[in-house]
Amino acid sequence: MKLKLIASISASLLMARWRQTLVAAIGVTFSITMFIALLSFMGGLNKLLDGLVVNRTPHVRIYKEVKPTLVQPIDKGANFAESYNFVHSVKPKNERLDVLNSAAIIKALKQDKRVMGVAPKVITQVYYNVGSVDLMGVINGIDVEAEAKLFTFSDYVIAGNYIDLKNTPNSIVLGKGVAEKMLVQVGDIIQITSSKGQMVNLKVVGIFQSGLQEIDKVNSYSSLHTAQKIMGESNSFLTDIQVKLNDINLAPEMAKEFQALYGVDAIDIQTANSQFETGSFIRTLISYVVGITLLIVAGFGIYNILNMMIYEKMDSIAILKATGFSGVDVNRIFISIALSIGLFGGILGLIFGFGLSAIIGQIPFNTSALPTVKTYPIEYNLYFYLVAIVFSTVTTYFAGYLPARKASKIDPVVIIRGK
Amino acid sequence: MENIILEAKGINKYFHDPNTIQVLNNISFSVQKGEFVSVTGKSGCGKSTLLYILSTMDTDYEGELKIHNLLMRDKSEAELARVRNEEIGFVFQFHYLLNEFNVIKNVMLPGLKLGKYTEQEVEHNALEKLKILGIESEALKLPNQLSGGQKQRVAIARALINNPLLIMGDEPTGNLDKKNSELVFDIFQELAESYQQSLLIVTHDQEFASRTQRTIVMEDGKIIADSKN
């Protein structure tokens, strides 16, 4: 009953100044619209850029690093335990380049509940033979299905079918840059020379474009088995085990764990690509700052209009107080005016923001670096809308707070006697 | 003496700006149920100041004010608002109607605030009050469509809506012409006689004062005469 009364008084005060109210609401609408559009666009952009590297990067990569032994024999001697030991010109041992005991590691990883999937990989240096010229290159031997599932491999194959890599023996998916240099197309046969001097003929079943030119100029993909054959190794030879986790935030911790558990080298995505996270963070921060600034400006508009309204409605406030409305009631009336401007403007802003981001999402955006992207990227995220409506309500509440307090403190005697 | 509805005891009031001046000096009197009292005196004698203290809107005073035998001194702002809402009806020199609401809603507002009755009941009561004042036909008009006398009658209806213990008026006829003043006075008189409504009216109109049941005359912040007419 009481709420209804306060609401009806607020509503009629609002309607009495509906033009100003509308202007205030439009201010909120505008800022919420921009806020939503900005965040959706930035979010889309972040996802796109993250996708460029992060989606294709394993959360934890297990590999074997060629490096000198950390602990030298002299360190183990009891006589020298208390000393500083200097050994100059330490060289790495001649070791195998593959991850030892890879089959057991993969089996254990697949049973780990934190792990979403495992994709083994063989990386080998090769030369692409083009007539009399040899081009430096890298062949990634992959488990085609796992790679497609975990690292969206199929998205980057722009010609041919990625699954042919698995089905056709001795096949290769060439990087776009490599294919251009070699002037080959899908279906052609190319010749490569392995790092051990062996010549191999491979059939081109696809061409991929990652969006990073340096990668496309050098890299190619083949099946695990083909790569192992090129290297002349057995089919248990793996240089990398790529692990994708259910929760990316566990990566640093799990990388350490794998390192200790399996006696291998492991690197997490955060360490390997820290610059991407920083970039995403800064972009998000900027969009929030701009959005909140817009809202605060809108808040000042509401503050002004409420202040004006209070000066105009002094008499009404005085008589309300004289006839038994307390300061709290008057306060609530003005707070609810502010909140309804905020809510009304905010909800309209959400709708317009959705519309604007949808429009941005239709604008063509063609870039040779990103084969899968045809329009500007937009991220539709309910979270942005929630944040926007909460911000608009909170800002308008604070904008209304001071005027409402002023109204509640109006002394009716002063107003009535002043007449 | 059980019928005392308002009692003031030794009320002093000072204005501090720019110098401390005593505007009310040891005012003591009481109002009985059903009395029609007028307070009169020259401009600046403190009669309006007294009224605002009695109305609980002004809380900066010394002395004791009891309404319905309850001391007003210790009550909070919200409690005082409740007292004004329930026990006191106001009529001012200026009508103070809310232009955003129509006549009937203006009358209903204090009743809705009280929340004792449903909206339908309050609306019914408001129509009753308008009928007593002879302006029920204007119920759906906006205040700025009414004449001065009609507005003042709406204000009286608003004062009556919660069946208050006491109606207070601050120069209720001050802004009205002879004819309308007469009309308002007749309404007050009828309320006092037919409905046993207590009224406390501040006026500088000697003729108005002399026709009420009891007149309190003030001068320089003191009561100098208190007599039945």
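Observations
- Index of the failed condition, B:Ala155 passing every other in (1) within 23 Å of A:Ile6 (Cα to Cα); (2) aliphatic (A, V, I, L, M); (3) out of contact with any His (no Cβ under 6 Å at 6 or more places or on another chain): (3)
- Test set (1) assigned to a helix (DSSP H, G or I); (2) touching a strand residue (DSSP E or B) at 6+ places or on another chain (Cβ under 9 Å); (3) away from every other protein chain (no Cβ under 14 Å) - A:Ile319 fails condition number: (3)
- Filtered by the rule that a residue be touching a residue at least 24 places away in the same chain (Cβ under 8 Å), in contact with a strand residue (DSSP E or B) (Cβ under 8 Å, 6 or more places away or on another chain) and surrounded by 14 or more Cβ atoms within 10 Å (Cβ to Cβ), the range A:176-190 gives A:Lys176, A:Val178, A:Ala179, A:Lys181, A:Met182, A:Val186, A:Ile190.
- Of the strands (runs of 3 or more DSSP E) lying entirely inside the range B:28-137, those carrying at least 1 residues that are within 8 Å of another protein chain (Cβ to nearest Cβ) and surrounded by 15 or more Cβ atoms within 10 Å (Cβ to Cβ) are B:88-91.
- Every pair of residues 6+ apart whose Cβ atoms lie under 6 Å, when the first sits in the range A:154-171 and is without any contact (Cβ under 8 Å) to a residue 12 or more places away in the chain while the second is of a type in the set (Gly, Ala, Ser): A:Ser154/A:Ala148
- Residues that are within 14 Å of B:Leu191 (Cβ to Cβ) and in contact with a Phe, Trp or Tyr (Cβ under 9 Å, 6 or more places away or on another chain), drawn from the range B:125-151: B:Ile132
- Among the residues of the range A:34-73, the ones that are of a type in the set (Val, Ile, Thr) and more than 22 Å from the chain's Cα centre (by Cα) come to 4 in all.
- Test set (1) within 41 Å of the chain's Cα centre (by Cα); (2) closer than 23 Å to A:Gln198 by Cβ - A:Lys93 fails condition number: (2)
- From the list A:Leu49, A:Leu38, A:Leu22, A:Leu70, the one residue that fits, being surrounded by fewer than 20 Cβ atoms within 10 Å (Cβ to Cβ) and under 21 Å from A:Gln362 (Cβ atoms), is A:Leu49.
- If the condition is being more than 10 Å from every other protein chain (Cβ to nearest Cβ) and free of Cβ contacts under 8 Å to residues at least 24 places away in the same chain, then the range A:1-37 contributes A:Leu3, A:Trp18, A:Arg19, A:Leu22.
- Boolean, A:Val173 is over 18 Å from A:Gln213 (Cα atoms) and surrounded by 22 or more Cβ atoms within 10 Å (Cβ to Cβ): no
- Among residues of the range A:91-128, those that are aromatic (Phe, Trp, Tyr) and assigned to a loop (DSSP other than H, G, I, E, B), counted: 0
- Each residue in the range B:163-220 was checked for being in contact (Cβ under 8 Å) with a residue 12 or more places away in the chain, polar (S, T, N, Q) and in a loop (DSSP other than H, G, I, E, B), and 7 pass.
- Being under 17 Å from the mean Cα position of the chain (by Cα) and within 11 Å of another protein chain (Cβ to nearest Cβ) is a condition met by at least one residue of the range B:140-155.
- Residue count for the range B:192-210, restricted to those that are away from chain A (no Cβ under 14 Å) and buried (at least 21 other Cβ atoms within 10 Å of the Cβ): 8
- Subset of the range A:275-330 that is more than 29 Å from B:Leu80 (Cβ to Cβ) and of a type in the set (Ser, Thr, Tyr) - its residue that is surrounded by the most Cβ atoms within 10 Å (Cβ to Cβ): A:Ser287
- Which listed residue is within 20 Å of B:Gln32 (Cβ to Cβ) and not β-branched (Val, Ile, Thr), from B:Glu193, B:Glu219, B:Glu207: B:Glu193
- Qualifying residue in the range A:326-349 (condition: within 14 Å of chain B (Cβ to nearest Cβ), out of contact with any Gly (no Cβ under 6 Å at 6 or more places or on another chain) and either part of a loop (DSSP other than H, G, I, E, B) or at pLDDT below 85 (or both)): yes
- A:Tyr311 vs. criteria of a type in the set (Ser, Thr, Tyr), within 28 Å of B:His95 (Cα to Cα) and more than 14 Å from every other protein chain (Cβ to nearest Cβ): yes
- The strands (runs of 3 or more DSSP E) found entirely in the range A:150-243 that carry 1 or more residues being modelled with pLDDT of 90 or more are A:171-175, A:189-194, A:199-208, A:219-223.
The values are calculated or read from the model by the stated rules, or taken from the named source; none is laboratory data. Note that this is a predicted model, so its numbers are computed, not measured. Virtual Cβ from ideal backbone geometry, glycine too; neighbours counted across all protein chains shown.
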